[in-house]
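Structure record follows, encoded as structure tokens.
The values are calculated or read from the model by the stated rules, or taken from the named source; none is laboratory data. Predicted, not measured: the structure shown is a model, and the values here were computed from it. Heads up, the Cβs are rebuilt from the backbone with ideal geometry, glycines too, and the neighbour counts pull from every protein chain shown. Accessible surface areas use protein heavy atoms only, side chains included; no ligands, DNA or RNA. Shrake-Rupley method; radii C 1.70, N 1.55, O 1.52, S 1.80 Å.
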Amino acid sequence: MPDGYDRLYAWMIVAFGDREFTIDNFRMTFPSPAPAKVLSDLRRLGYVGASGKRGAYRLVSPEVRVRELVESEQAFLDLVERADLPYAYCDATAVTVWTDGGYWTGLTPGFRPIHIRVRSADLARWRRFLRANGARATVAGSRETLFGIVHVLHPLRSVRSVEHGGMRVVPAREVLAWAERRPYAYEPVLPLLREAAGRAR
């Protein structure tokens, strides 16, 4: 559900469109005991930008807001490495790591999962860490609507990992076996994974 500022922004789009407006325009259109504070909050949250004229504002277009929101989530891609907890990228994410970013699958235009093995004992700590950094997380197999960049946690009793490209990832032989069970998606990259697994022996 949209919060209060989302709703106000929607009504401001209806009232002002892409036209400039002043604090007086805002006050006359939206009764408020503290219009300056509300506009300040709207600017801080990225709904409103300054216009070219002194004391004038302009709404940030919905298209720009959506694009900025999606781009801001890109920062979540390297968040896992900053956690002081054991982990290993796994599944489709491990394929991407072992191909040095050359092969991406398991995602859609609206959903980009980051698959991570974590220790079951650390699950609550992972959830807190990700939430504290503004990232979304789910446990593998959970039934919920997923969108954007989501950390998919695969809890296990223990996590085995190796280092590759500065990241912790499941061993190449394990990734190869996982991909071989899904040839419809990974046939093109199996030679690369076999090579990586051979080097790891």
* Asked: Checking ILE149 against (1) open to solvent by 30 Å² or more (accessible area, probe 1.4 Å); (2) within 18 Å of THR96 (Cα to Cα); (3) not charged (D, E, K, R), which single condition isn't satisfied?
  -> (1)
* To do: Search region 8-28 for residues being open to solvent by 60 Å² or more (accessible area, probe 1.4 Å) and not basic (Lys, Arg), and hand back the single one that is nearest to VAL60 (Cα to Cα).
  => ASP18
* Asked: Checking ARG67 against (1) of a type in the set (Lys, Arg); (2) modelled with pLDDT under 90; (3) more than 29 Å from the chain's Cα centre (by Cα), which test does it fail?
  -> (3)
* Asked: Based on what the data block shows, is LEU45 more than 30 Å from GLU180 (Cβ to Cβ), within 23 Å of the chain's Cα centre (by Cα), modelled with pLDDT of 85 or more and open to solvent by 60 Å² or more (accessible area, probe 1.4 Å)?
  -> yes
* Do you know which residues across region 95-134 are free of Cβ contacts under 8 Å to residues at least 60 places away in the same chain and buried (at least 20 other Cβ atoms within 10 Å of the Cβ)? -> THR96, ARG112, ILE114, HIS115, ILE116, ARG117, VAL118, TRP126, LEU130
* Structure fact -> Subset of region 155-186, residues open to solvent by less than 40 Å² (accessible area, probe 1.4 Å) and either touching a Ser or Thr at 6+ places or on another chain (Cβ under 8 Å) or not hydrophobic (A, V, I, L, M, F, W, C) (or both), comes to SER161, HIS164, VAL169, VAL170, PRO171, ALA185, TYR186
* In region 137-146, what residues are charged (D, E, K, R) and open to solvent by less than 70 Å² (accessible area, probe 1.4 Å)? -> none
* Structure fact -> When every residue in region 70-94 that is exposed (fewer than 15 other Cβ atoms within 10 Å of the Cβ) and within 30 Å of ASP18 (Cα to Cα) is compared, the one modelled with the highest pLDDT is GLU71
